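Enquirer: Just passing along the structure, written as structure tokens.
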Amino acid sequence: MGGDLVAVICTAEIPIPTLNAMLTASKNYNTEAPPSVIVLNTDQRDRLLQFDCDSATSDGHVDDGFVSPFVGMTLPEVVRFVTETARDTVINPYSVFIADERTVADQTVLVVGIHDETREIEATVRMVPELLDLLAANLVIANTDITEMKLNAEETGGVYRH
């Protein structure tokens, strides 16, 4: 598996309408790149192995019964999950989108870049949700650098807006 999907991991209880608004904004903004994000609803490796590229959250919404198994996880715990439990699945092991408490307040998402050798956090930056799919597609093919995004975000109030 090549890590073709970037996971959206909810570490806080994000209201379903907020998640759906973010996903719809991304779907509407991204008209060229293939759907490349998946809102994870499992932390079980056997279920992750069943996902493929068609598992992307491409219809712009999550089900009303969605409950994140990651609520309360810390950033290092999420990185460990992505680099260990989800390794060698369709989930990209070098980047992850985190919907956290701040997401509830301002609908931005934390983008986390993970070093490919050390498996530690390389860079983080906040991003507007419209860019979820577009950025994910670029991260998967290594066409975007999170460190550069962070520099760009510093010019726009700390949030990457493209």
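The values are calculated or read from the model by the stated rules, or taken from the named source; none is laboratory data. As the structure is a computational prediction, the values presented were derived from the model and not from experiment. Reconstructed Cβ throughout: ideal geometry from the backbone, glycine too, with neighbour counts over all protein chains shown.
Enquirer: Tell me yes or no: at least one residue of segment 145-162 is in a helix (DSSP H, G or I) and under 15 Å from Val39 (Cα atoms). Steps first, answer last, please.
Expert: Of the residues in segment 145-162, the ones in a helix (DSSP H, G or I) are 146-154.
Okay, now just the ones that are also under 15 Å from Val39 (Cα atoms), so none.
No, because not a single residue in segment 145-162 is in a helix (DSSP H, G or I) and under 15 Å from Val39 (Cα atoms).
Enquirer: Does Thr89 meet the test of being surrounded by fewer than 19 Cβ atoms within 10 Å (Cβ to Cβ) and over 14 Å from the mean Cα position of the chain (by Cα)?
Expert: Values: surrounded by fewer than 19 Cβ atoms within 10 Å (Cβ to Cβ): no; over 14 Å from the mean Cα position of the chain (by Cα): yes.
So Thr89 fails the test.
Enquirer: Can you pull out every residue in segment 42-66 that is assigned to a loop (DSSP other than H, G, I, E, B), over 14 Å from Phe81 (Cβ atoms) and more than 17 Å from the chain's Cα centre (by Cα)?
Expert: Narrowing segment 42-66 to residues assigned to a loop (DSSP other than H, G, I, E, B): 42-44, 49-52, 56-66.
With the extra rule that they be over 14 Å from Phe81 (Cβ atoms), the set shrinks to 49-52, 56-66.
Those that are assigned to a loop (DSSP other than H, G, I, E, B), over 14 Å from Phe81 (Cβ atoms) and more than 17 Å from the chain's Cα centre (by Cα): Leu49, Gln50, Asp63, Asp64, Gly65.
Enquirer: Among residues belonging to segment 92-131 that are part of a helix (DSSP H, G or I) and surrounded by fewer than 21 Cβ atoms within 10 Å (Cβ to Cβ), point out the one that is nearest to the chain's Cα centre (by Cα). So that I can check it myself, show each step before the final result.
Expert: Residues of segment 92-131 part of a helix (DSSP H, G or I): 101-106, 129-131.
After this cut, where a residue has to be surrounded by fewer than 21 Cβ atoms within 10 Å (Cβ to Cβ) as well, the list is 101-102, 104-106, 130.
Details: Glu101: 15, Arg102: 15, Val104: 15, Ala105: 18, Asp106: 16, Glu130: 12 Å.
Looking at the filtered set, the residue picked out is Glu130.
Enquirer: Yes or no: Asp43 modelled with pLDDT under 90, out of contact with any Lys or Arg (no Cβ under 7 Å at 6 or more places or on another chain) and charged (D, E, K, R)? Talk me through it step by step, then tell me what you get.
Expert: Values: modelled with pLDDT under 90: no; out of contact with any Lys or Arg (no Cβ under 7 Å at 6 or more places or on another chain): yes; charged (D, E, K, R): yes.
The answer is no for Asp43.
Enquirer: When you look at Glu155, is it of a type outside the set (S, T, N, Q), surrounded by fewer than 16 Cβ atoms within 10 Å (Cβ to Cβ) and without any contact (Cβ under 8 Å) to a residue 24 or more places away in the chain, yes or no? Don't jump to the end; show me each part of the working.
Expert: Numbers: of a type outside the set (S, T, N, Q): yes; surrounded by fewer than 16 Cβ atoms within 10 Å (Cβ to Cβ): yes; without any contact (Cβ under 8 Å) to a residue 24 or more places away in the chain: yes.
Considered against the rule, which asks whether it is of a type outside the set (S, T, N, Q), surrounded by fewer than 16 Cβ atoms within 10 Å (Cβ to Cβ) and without any contact (Cβ under 8 Å) to a residue 24 or more places away in the chain, Glu155 comes out as yes.
Enquirer: Same structure, new question: Give the residue, chosen from Asp64, Asp43, Asp4, Asp59, that is farther than 27 Å from Arg119 by Cα, in contact with a helix residue (DSSP H, G or I) (Cβ under 7 Å, 6 or more places away or on another chain) and of a type in the set (Asp, Glu). Don't jump to the end; show me each part of the working.
Expert: Values: Asp43 fails: farther than 27 Å from Arg119 by Cα; Asp4 fails: farther than 27 Å from Arg119 by Cα; Asp59 fails: in contact with a helix residue (DSSP H, G or I) (Cβ under 7 Å, 6 or more places away or on another chain).
Matching residue, one of Asp64, Asp43, Asp4, Asp59: Asp64.
Enquirer: Conditions first: (1) over 15 Å from the mean Cα position of the chain (by Cα); (2) more than 22 Å from Pro15 (Cβ to Cβ); (3) assigned to a helix (DSSP H, G or I). Val79 passes all but one, so which condition is the exception?
Expert: (1)
Enquirer: Quick check on segment 80-89. Is at least one of its residues in contact with a helix residue (DSSP H, G or I) (Cβ under 8 Å, 6 or more places away or on another chain), modelled with pLDDT of 90 or more, polar (S, T, N, Q) and within 26 Å of Arg47 (Cα to Cα)? Reasoning before the result, please.
Expert: Going through segment 80-89, the residues in contact with a helix residue (DSSP H, G or I) (Cβ under 8 Å, 6 or more places away or on another chain) turn out to be 85-86, 89.
Okay, now just the ones that are also modelled with pLDDT of 90 or more, so 85-86, 89.
Remaining after also requiring polar (S, T, N, Q): 85, 89.
Those still in the list that are within 26 Å of Arg47 (Cα to Cα) too: 85, 89.
Checked segment 80-89: at least one residue is in contact with a helix residue (DSSP H, G or I) (Cβ under 8 Å, 6 or more places away or on another chain), modelled with pLDDT of 90 or more, polar (S, T, N, Q) and within 26 Å of Arg47 (Cα to Cα).
Enquirer: Any residue in segment 59-76 that is touching a strand residue (DSSP E or B) at 6+ places or on another chain (Cβ under 6 Å) and at pLDDT below 95? Steps first, please.
Expert: Residues of segment 59-76 touching a strand residue (DSSP E or B) at 6+ places or on another chain (Cβ under 6 Å): 62, 68, 70.
Those left that are additionally at pLDDT below 95: 62.
Yes, the conditions are met somewhere in segment 59-76.
Enquirer: Filter segment 15-41 down to the residues that are part of a loop (DSSP other than H, G, I, E, B) and under 14 Å from the mean Cα position of the chain (by Cα), then identify the one that is nearest to Ala137 (Cα to Cα). Before you say what the answer is, go through the steps one by one.
Expert: Applying the first criterion (part of a loop (DSSP other than H, G, I, E, B)) to segment 15-41 yields 15, 30-36, 40-41.
Now narrow it down to the ones that are under 14 Å from the mean Cα position of the chain (by Cα): 35-36, 40-41.
Details: Pro35: 7, Ser36: 5, Leu40: 17, Asn41: 20 Å.
Of everything passing the filter in segment 15-41, Ser36 is nearest to Ala137 (Cα to Cα).
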